[in-house]
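The values are calculated or read from the model by the stated rules, or taken from the named source; none is laboratory data. Note that the coordinates shown come from a computational prediction; the quantities given were computed from them, not determined experimentally. Because the Cβ atoms are built from the backbone with ideal geometry, glycine has one as well, and the counts that use them run over all protein chains shown.
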Amino acid sequence: MGLVREPLVSVQAPDRTVQAKSPEAQTSVQSPAQARTPPRERVAAVNPQAPPPLAALPAPYAPPDRPGACPSAAEVAACTSLADLQKATEGCLACPLGPGRLKFVFGEGAPKARLMFVGEGPGRDEDLQGRPFVGKAGELLDKMIGALGLRREDTYIANVVKCRPPDNRTPTSEEAKACLGFLHRQIELVQPAVLVTLGATPLRELVGVSEGVTKVRGQWRRVTVGGREIPVMPTFHPAYVLRQYTQDVRRAVWADLQAAKAWIDRPE
Ligand code: SF4
């Protein structure tokens, strides 16, 4: 993959100015042929993670007796708008994350966005505000979206799980699976041209790729949601970029996002 010569600006930049992509950056990403050619094979939904030892298993979760708190698959499928879906799901207590949340973080953005980002789950800031990607990681995501020539509100941003995992731990596969139907319906309603997965959790739980992000980032995948195949560009989570704030990591994310942008900009 070609490398950009002009990485994103430092997230610590005091004036929060979004740096536009330079002509160099525009020309040094993947060739159009590379960027427009996601493989056709479907990735098997296999998670080879070994189960934890029995002693470490948490006590089984018993959903509270609250009729309507956990919408059925039929109720989710019956939602014909994102607003309906949010209303139907925001009281959900279908997994152990529900009772611990401060706010349900449904997702937000353009209802018919062509570019949709999927992250892992809410963190502290998101739990407080009820919005996805609003902390430091969200600030960086906004800058990257801006550098593509888009606004955050032109895209749609959601997470695999809608409630904050304690101590920002990775959601378990059980929790992710309990929530995945909501994300699927969101994707069906938005109908994005491209999904960008941020980090390992959406890649594993939504796309079925269990290899590490470092290995597969920048390589097109596909996922079928609601009978529709959608190209997926895996890349690093912005929080990882902030932790590993090296030129190589920033260049990699920038190249991945440019490839996704080139796909949505292609002539129909
Ligand atoms: S994470 Fe998802 S499945 Fe679990 S309680 Fe929250 S909304 Fe429901």
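Observations
- Unique residue being of a type in the set (Asp, Glu) and under 20 Å from residue 177 (Cα atoms) when the list is 153, 90: 90
- Within the stretch 70-99, tally of residues that are of a type in the set (Val, Ile, Thr) and surrounded by 20 or more Cβ atoms within 10 Å (Cβ to Cβ): 1
- Every listed requirement among (1) assigned to a helix (DSSP H, G or I); (2) among the polar types (S, T, N, Q); (3) at pLDDT below 95 is met by residue 258 save one, (3).
- No other residue among 178, 147, 137, 158 is free of Cβ contacts under 8 Å to residues at least 60 places away in the same chain and either surrounded by 21 or more Cβ atoms within 10 Å (Cβ to Cβ) or within 12 Å of the ligand (Cβ to nearest atom) (or both) apart from 158.
- Matching residues in the stretch 205-216 - criterion: being touching a strand residue (DSSP E or B) at 6+ places or on another chain (Cβ under 9 Å) and surrounded by 21 or more Cβ atoms within 10 Å (Cβ to Cβ): 206, 207, 209, 213
- The stretch 86-125 - residue that is in contact with a strand residue (DSSP E or B) (Cβ under 7 Å, 6 or more places away or on another chain) and not in a loop (DSSP other than H, G, I, E, B) and, of those, farthest from the ligand (Cβ to nearest atom): 115
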